[in-house]
1. I need every pair where a residue in the range 37-50 that is closer than 17 Å to Arg212 by Cα has its Cβ under 6 Å from the Cβ of a residue that is surrounded by fewer than 22 Cβ atoms within 10 Å (Cβ to Cβ) and of a type in the set (Lys, Arg), sequence separation at least 6 or different chains.
2. In the range 147-177, what residues are open to solvent by 30 Å² or more (accessible area, probe 1.4 Å) and hydroxyl-bearing (Ser, Thr, Tyr)?
3. Restricting to the range 39-68, and then to whatever is of a type in the set (S, T, N, Q) and within 15 Å of the chain's Cα centre (by Cα), can you tell me which residue is most open to solvent (accessible area, probe 1.4 Å)?
4. When you check Val164 against the structure, is it modelled with pLDDT of 95 or more and touching a Ser or Thr at 6+ places or on another chain (Cβ under 6 Å), yes or no?
5. Picking from Val110, Val41, Val68, which residue would you name as being of a type in the set (A, V, I, L, M) and under 22 Å from Thr171 (Cβ atoms)?
6. Under 8 Å between Cβ atoms, at least 6 apart or on separate chains: pull out the pairs that start in the range 75-86 with a residue that is more than 17 Å from Val117 (Cβ to Cβ) and end on any residue that is assigned to a helix (DSSP H, G or I).
7. Among the residues of the range 190-199 satisfying the criterion of being farther than 20 Å from Ser49 by Cα and touching a residue at least 60 places away in the same chain (Cβ under 8 Å), which is surrounded by the fewest Cβ atoms within 10 Å (Cβ to Cβ)?
Amino acid sequence: MGKTIIQLRNADLTLGSAAASVHVLKKIDLDIMAGESVGIVGPSGSGKSTLLMVLAGLERLDSGEIHVNGQALHGLKEDALADFRGKNIGIVFQSFHLIANMTALENVAVPLELANVADAFAIARRELEAVGLGERLHHYPGQLSGGEQQRVAIARALAPSPAVLIADEPTGNLDGATGRQIADLLFSKQQERQMTLVLVTHDPALAARCSRQVRVRSGRIEPEMKEPEARLEKAVQV
């Protein structure tokens, strides 16, 4: 590590309008290093998922700056942002977001084809084999278990060889055993490919596997606790 791959400066975002508006992110500064695994944690409604969507380039800031892998995302037009995101940021969602009438192979290959990547289906096959689905290439999402569907989603996210992998509650829709298998897969791929992994989770065990945790509360990042303070807080919670 050593290179800053994600940098937020004075990031501010309000969602909704007029009486329904909510000030979600409040002047946030954040640095994430290349190769780091970062768990974003905090209570429901704290802004952590919105923060993740900003990092993924799926939500625009009202003010402030965001740089990812050397690119200023806040200065890009929508088409350029989508192109950058497709090549540099892999995204895994809680609810998989697979296309129901496409096979596992097509779900992984079609986004590559749309991005004009050569050998899209060969790459998709390789990625599905790498996540243990070599025998399920031609199955549709409805024929796959929840864990298998999430493996397809992970293969799709990894297929462009992104520098950053973003995961929003990646085990949230899975049972405990399957969730642990998916977590093992995410962290093994992150290590194998030396990617940066940023995930939001309510699961303390999953967050603890990250090299660092970022705590969000009321739209702000809480100061990182020193080790003795962290042990004391953990003891109090128990």
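1. Once the first residue is closer than 17 Å to Arg212 by Cα and sits in the range 37-50, its partners that are surrounded by fewer than 22 Cβ atoms within 10 Å (Cβ to Cβ) and of a type in the set (Lys, Arg) give Val38/Arg212; Val41/Arg215; Gly42/Arg215; Gly42/Arg217.
2. Across the range 147-177, the qualifying residue is only Ser161.
3. Per the criteria, the residue is Ser49.
4. On the way: modelled with pLDDT of 95 or more: yes; touching a Ser or Thr at 6+ places or on another chain (Cβ under 6 Å): yes.
In short, yes.
5. Val41
6. Pairs found: Leu76/Phe84; Leu81/Leu73.
7. Gln194
Every residue, every condition in (1) surrounded by 17 or more Cβ atoms within 10 Å (Cβ to Cβ); (2) on the phi > 0 side of the Ramachandran plot; (3) more than 17 Å from the chain's Cα centre (by Cα); (4) modelled with pLDDT of 95 or more, yes or no:
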residue: Ala72; (1), (2), (3), (4): no, no, yes, yes
residue: Asp79; (1), (2), (3), (4): no, no, yes, no
residue: Ala82; (1), (2), (3), (4): no, no, no, no
residue: Val92; (1), (2), (3), (4): yes, no, no, yes
residue: Phe96; (1), (2), (3), (4): yes, yes, no, no
residue: Ala100; (1), (2), (3), (4): no, no, yes, yes
residue: Thr103; (1), (2), (3), (4): yes, no, yes, yes
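The values are calculated or read from the model by the stated rules, or taken from the named source; none is laboratory data. Owing to the predicted nature of the structure, the values given are computational and were not obtained by experimental measurement. For neighbour counting, all protein chains shown are included, and Cβ atoms are generated from backbone atoms with ideal geometry for every residue, glycine included. Surface areas here come from the heavy atoms of the whole protein model, side chains and all, with no ligands, DNA or RNA. Shrake-Rupley method; radii C 1.70, N 1.55, O 1.52, S 1.80 Å.
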